[in-house]
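Structure, as structure tokens:
Derivation of every value follows stated rules applied to the coordinates shown; laboratory data play no part. What you are looking at is a predicted structure, and each value in this text was computed from that prediction instead of being measured. Positions of Cβ are generated from backbone atoms using ideal geometry, with glycine treated the same way; all protein chains shown enter the neighbour counts.
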Amino acid sequence: MVVLILIVSFVFFLIIGVPIAFVLGLTPLAALLVEGETPLLLVAQRIFTGMDTPVLMAVPFFILAGNIMGMGGMTQRLVRFCNLLVGSFRGGLAYMNVVISMVFAGITGAAVADTSAVGSILIPAMKREGYDSDFAAAVTATSSTIGPVIPPSIPFIIYGVLGEVSIASLFLAGIVPGLLLGLFQIGVVAFVARKRGFPKGRRPTIRKALKVSVDAALVLMMPVIILVGIFSGVFTPTESACIAVFYALLISGVVYRDIRLKDLPHILIKTGTTSSLVMLVIGTASIFSWILASEQIPQQVTSFILTATDNKFLILLLMNLLLLVIGTFLETTASLIILTPVLLPLMTAIGVDPLHFGVIIVLNLVIGLTTPPVGVCLFIACSISQTRLENLSRTIIPFLLASIAVLLICTYWEGLIMGIPTFFGYQSPIP
Amino acid sequence: MPRPQRIGSMVKGISNALNRLCEGALVLFLTAMAVIVFLEVLFRYLFLLPLFWTEELARYCLVWASLLGASVALKRGEHIAVSLLVERLPKRVERAVVQAARLSVALILVVILWGGITLVSVTSLQTSPALRIPMAVPYLALPINSGIMLLHIIVALMHPSDEPPGGE
């Protein structure tokens, strides 16, 4: 009964256009009203407890660091440096798009931010050099999904909080899948570049190369500081995100002098609204997950599926399908908060490590961001490149297949994911 | 007796003024959070003197900043919604559906406002574990910001032809 109310009201509020953060509050509210036993005070209480979590401070910090970088011309310097690395190949700008997303991924942890930051610089440049706009949009949207997989990553932080998994271990586990995504995408670019005959870039002079490298060195230090800080245990993820903010401020304010004090309020407000979208979803979704837990829905799902089959291979396959579809239609944070508590017990029951499952669920949800017809990153890339969604949806298919291939490898080759974290001392709770 | 339009523009004026205040407060809380966490690291490694209050204070700043940010985002129509289906409806039906969505948001905001006021009054005598400040200080973020968001929604309900909050 409660499940029916939850599903019906969720779909109803979503379809009439209520913002997702409020849908996640209204849906359990409807269930609470019908059930009539739990005091409605729970709603406000859960929102507060959901947000009042120290690790989540990393969310606004990483978004702030990314915004300072974009505003302060640090992104521009990164673009010039990546141009040096891959610009002279056939399809150079397309390779660059992937490579820069991988470097950018080491600083910020959100796909949508990456699409707009990298896209607004590279898509116009690609069109100027004669790339088709649908291809420019496709490679931008796809490569931005590397952002939340290579550490640091906002989805991994949220999963870590929900599943009680070490965030540093999750970050370590994301390295291999992130690199694989990048390599597979580079493979697709190479294939398309030859087929469509994309332009080659010029080889830069050594003097210019040196200048660009020196110029970008301070920016490239940023992921190093963040990741070494977290992995060595010197900083918590929150602290390292905060250090990244001050480092970015120092570089772009004092060294490069691209940012002035009066720019800061604007950057802070933009950061505040962007991160509040994630935070409000976390708050309201924790009402939702409370209802799911009190109705024992995770246990029911687990036993229902285990009576149908206990074939690990099959369950993982079906779960990937389900997650891809949900990731296409529902926002990443919301999906994580609703689905992690429901699916994690099932995964543990069939012997999938919580760390491994974290990688699987995040990969699925970020691939969903570029899946036609409604992935968010598709819309952003479309509006920057002014191409039609129909064209982009066709061009992105080979990229999508490459991402799904990475997903399947990561799903069925557990050792690939667990290797690095285990080396750094992660101990599996699964016997 | 003021005419309805004048009440309408007055409420809109209050909503705009409150929004500017929220933006200012948002900048303050985010800055405070960053400085506090930075101090935490500084004191632990440079002065070898771990501070006991930083984590709690930064957490409360996070709650305040998140809710203030949510209200500024609502005013700016930045909340993410699925508008694909609504946009395909005939104009008049679309307007009615948008109003229904706004009413739904108002409903949950009323529940949060009421719950927030209750929490503040219930916890008025409690103090926080580390800093010993009244727990009402962090909890106040709930009623204040849901109240302001409710006002923004009322303004939107009174001006149905404006952009829907949470458009896009």
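Project the alpha carbons of the stretch A:168-236 onto their principal axes and report the range along each, largest first, in whole Å.
Largest first, the stretch A:168-236 extends 47, 32, 11 Å along its Cα principal axes.
Using alpha carbons only, how many angstrom separate the centre of the stretch A:88-123 from the centre of the stretch A:124-194?
Between the Cα centres of the stretch A:88-123 and the stretch A:124-194 lies a distance of 9 Å.
What are the trypsin sites (Lys or Arg not before Pro) within the stretch A:258-330 that DSSP puts in a loop, where the Cβ has at most 16 other Cβ atoms within 10 Å?
A:R260
Name the shape class, rounded, prolate or oblate, that the alpha-carbon gyration tensor gives for the stretch A:260-407, where a ≥ b ≥ c are the square roots of its eigenvalues, rounded holds for a/c under 1.5, and otherwise prolate holds if a/b is larger than b/c and oblate otherwise.
In terms of gyration-tensor shape, oblate.
Using Cα pairs under 8 angstrom and six or more residues apart, how large is the relative contact order of the stretch B:28-168, in percent?
Relative contact order for the stretch B:28-168 comes out at 32 percent.
Once you have a ≥ b ≥ c as the square roots of the Cα gyration tensor eigenvalues for the stretch A:336-431, tell me rounded if a/c is under 1.5, and otherwise prolate or oblate according to whether a/b is larger than b/c.
Note, shape of the stretch A:336-431 comes out prolate.
How high is the FRET efficiency from A:A209 to B:I14, r the C-beta distance, R0 60 Å, rounded to 0.05?
After rounding, the FRET efficiency stands at 0.55.
Report the normalised scattering of chain A as log10 I(q)/I(0) at q = 0.06, 0.08, 0.13, 0.14 Å⁻¹, calculated by the Debye formula with identical scatterers on the alpha carbons.
Debye output, listed in q order: -0.25, -0.44, -1.18, -1.35.
Which values of log₁₀ I(q)/I(0), to two decimal places, follow from the Debye formula for the stretch A:339-395 at q = 0.14 Å⁻¹ with a uniform point scatterer at every Cα?
-0.52
Say R0 is 35 Å: what FRET efficiency, to the nearest 0.05, do A:R394 and A:K200 get from their beta-carbon distance?
Once rounded, the FRET efficiency stands at 0.85.
Ranked by Cβ crowding within 10 angstrom, fewest neighbours first, how are B:H79, B:H159, B:H152 ordered?
B:H159, B:H79, B:H152
Give the order of B:M158, A:M222 when sorted by the count of other beta carbons within 10 angstrom, beginning with the fewest.
By the 10 Å Cβ count, ascending, the order reads B:M158, A:M222.
Please give, to one decimal in nm, the separation of the simple spin-label points placed at A:L306 and A:L261, each 7 Å out from Cα toward the Cβ.
So the label points at A:L306 and A:L261 sit 6.2 nm apart.
Restricted to Cα positions, what overall size does the stretch B:50-116 have along the principal axes? Three whole-Å values, descending.
Rounded to whole Å, the extents work out to 62, 25, 16 Å.
Only loop residues by DSSP count here, and only those with at most 12 other Cβ atoms within 10 Å; note down the chymotrypsin sites (Phe, Trp or Tyr not before Pro) in the stretch A:234-319 that meet that.
none
Pop out the ³J(HN,Hα) list for the stretch A:273-285 in order, Karplus 6.51 cos²θ - 1.76 cosθ + 1.60 with θ = phi - 60°, rounded to Hz; leave Gly and Pro as x.
6, 4, 6, 5, 4, 5, 5, 5, 4, 4, x, 6, 5
Over all directions, the average projected area of the alpha-carbon convex hull for the stretch B:33-148 comes to how many nm²?
Approximately 9.4 nm², given one-decimal rounding.
Run the paramagnetic zone check for A:V254: 7 angstrom along Cα to Cβ, then residues of the stretch A:56-70 with backbone nitrogen under 18 Å.
Output list for this probe position: A:65, A:68-69.
Hey, which aspartates and glutamates would be in cross-link range of A:K312, C-alpha to C-alpha under 15 Å, not counting anything within fewer than 8 residues on its own chain?
A:D353, A:E414
Could you list which residues have their amide H under 5 Å from that of B:T127, counting only those 5 or more apart in sequence or on another chain, with H placed in the peptide plane?
B:M135
For chain A, the longest stretch holding no GluC sites (Glu not before Pro) located in a DSSP loop with at most 11 other Cβ atoms within 10 Å is which?
Longest stretch, sites excluded: A:165-431.
What are the ³J(HN,Hα) values, in whole Hz, obtained from phi via the Karplus relation 6.51 cos²θ - 1.76 cosθ + 1.60 with θ = phi - 60°, for each residue of the stretch A:381-393 in sequence order, with x given for Gly and Pro?
These are the phi-based 3J(HN,Hα) values: 4, 4, 6, 6, 8, 6, 10, 7, 4, 4, 5, 4, 4 Hz.
What value does the stretch A:220-262 have for Rg/Rh, both radii from Cα atoms and Rh as Kirkwood defines it?
1.07
Remind me, relative contact order of chain A in percent, using alpha carbon pairs under 8 angstrom and six or more residues apart?
Relative contact order, chain A: 25 percent.
Mind listing the long-range amide H neighbours of A:K200? Cut-off is under 5 Å, sequence gap 5 or more, other chains count too, H placed in the peptide plane at 1.01 Å from N.
For A:K200, whose amide H was placed from the backbone, the distant partners under 5 Å are A:G91.
Using R₀ = 30 Å, calculate the FRET efficiency as 1/(1 + (r/R₀)^6) where r is the Cβ-Cβ separation of A:S88 and A:A217; round to 0.05.
Result of the calculation: an efficiency of 0.90.
Treat every Asp and Glu Cβ in the stretch B:49-139 as -1 and every Lys and Arg Cβ as +1, leave all other atoms uncharged, and give the resulting dipole magnitude about the Cα centre to the nearest 20 debye.
Dipole magnitude for the stretch B:49-139 comes out near 460 debye.
Quantify how strongly other chains surround peptide B:29-36 by giving the mean number of their Cβ atoms within 10 Å of each of its Cβ atoms.
Mean number of neighbouring Cβ atoms from other chains: 5.
Greater than 25 Å separation of Cα atoms is the criterion. Which listed pairs, A:K270/B:K12; A:K270/B:K91; A:K211/A:K262; A:K127/A:K262, meet it?
Beyond 25 Å between Cα atoms: A:K270/B:K91; A:K211/A:K262; A:K127/A:K262.
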